[in-house]
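A.B. asks: This is the structure I want to talk about, given as structure tokens.
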């Protein structure tokens with residue numbers, strides 16, 4: 001009998017879940033699941049299911065659901081991070097934030113950032129893999145927006161408390177003081193420009209302290225999110 005893994009399907013009708021070719025390759029081709037085996041899977045929207053494999057074809061398989069578990073969402077954390085030069089570092093940030101249950105992860109082009117083409121399809125695959133690996137039930141939504149658009153989010157009708165991390169000696173809040181739902185804004189390798197800092201402050205973003213050492217962008221993101229999650233927030 002195969003070990004305990006979590007799979008993904010959002011095609012569930014009349015207690016039958018359909019799994020695509022990608023999941024087929026993993027579950028049937030690699031892990032050797034077969035007819036009659038029980039598996040756990042998620043729809044990525046807060047539900048985990050247990051079911052029995054009831055059909056297998058060359059392009060997918062079907063599962064008859066037997067049990068549904070509702071998983072409460074963690075307190076809302078929305079990450080906004082500048083596009084970095086290294087694709088691997090961005091993927092690492094997405095992977096770890098997905099494991100930690102971040103609700104959304106949005107990239108933006110910063111004034112001092114690298115002009116790198118972002119492959120969102122690949123990033124979504126990283127997030128999905130991380131979701132399954134950590135046996136999660138809520139998929140992290142990924143997107144790309146402009147910096148000015150991000151800064152104006154929730155200006156007229158606040159959606160969340162907004163925090164920006166940048167290098168300076170000005171007074172800043174620390175993670176334990178963060179309020180939910182929250183948004184975290186992290187700049188590129190060369191930090192935010194003075195223009196970007198001014199725009200963020202004008203739009204209600206509060207400076208956030210990430211420690212006394214200079215952190216890489218992806219390290220800062222994961223450090224803040226992990227400190228919140230590990231403190232039970």
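Read the figures in this text as sums done on the coordinates, not as results from a lab. Predicted model, so just to flag it, every value in this text is computed and none were measured. No Cβ is skipped: glycine too gets one built from the backbone with ideal geometry, and neighbour counts run over all protein chains shown.
A.B. asks: How far is the Cα center of segment 118-136 from the Cα center of segment 18-69, in Å?
C.D. replies: Measuring centre to centre over Cα atoms gives 18 Å.
A.B. asks: Please identify, among 141, 103, 14, the residue showing maximal mean-square fluctuation in a Gaussian network model of the chain using a 10 angstrom Cα cutoff.
C.D. replies: 14
A.B. asks: Just 195, 216, 89 to compare: in a GNM of the chain, with alpha carbon springs under 10 Å, which one fluctuates most?
C.D. replies: 195
A.B. asks: Calculate the spin-label point distance for residue 109 paired with residue 124, positioning each point 7 Å from the Cα along the beta-carbon direction, and give it in nanometres.
C.D. replies: 2.2 nm
A.B. asks: Shape call for segment 75-159 from the C-alpha gyration tensor, a ≥ b ≥ c root eigenvalues: rounded (a/c under 1.5), prolate (a/b greater than b/c) or oblate? The partial results should precede the final answer.
C.D. replies: Values: a/c = 2.50, a/b = 1.18, b/c = 2.11.
Judged from the Cα gyration tensor, segment 75-159 comes out oblate (a/c at least 1.5, b/c at or above a/b).
A.B. asks: Same structure again: When the helix-only estimate is applied to the chain (DSSP H runs of n ≥ 4, each -39,500 (n - 2.57), divided by the residue count), what is the mean residue ellipticity at 222 nm, nearest 500 deg cm²/dmol?
C.D. replies: Working: 6 runs with 59 residues, N = 233.
Value at 222 nm, helices only, nearest 500: -7500 deg cm²/dmol.
A.B. asks: Pairing the Cα long axis of helix 120-133 with the longest principal axis of the chain, what angle in degrees results, from 0 to 90 and rounded to the nearest 10?
C.D. replies: The two axes meet at around 60 degrees.
A.B. asks: What fraction of the Cα pairs in the chain, stated in percent, has a spacing above 25 angstrom? Present the calculation step by step, with values, prior to reporting the outcome.
C.D. replies: Details: 12549 of 27028 pairs.
Every Cα pair in the chain considered, those over 25 Å come to 46 percent.
A.B. asks: Take segment 31-93, drop everything but the C-alpha atoms, weight them equally and run the Debye formula without solvent; then report log10 I(q)/I(0) at 0.12, 0.21 Å⁻¹ to two decimals.
C.D. replies: Evaluating at q = 0.12, 0.21 Å⁻¹ gives log10 I(q)/I(0) of -0.56, -0.85.
A.B. asks: Starting from the 7 Å offset along Cα-to-Cβ, what nm value, one decimal, do you get for the label separation of residue 25 and residue 143?
C.D. replies: Going by the 7 Å Cα→Cβ label model, 3.0 nm.
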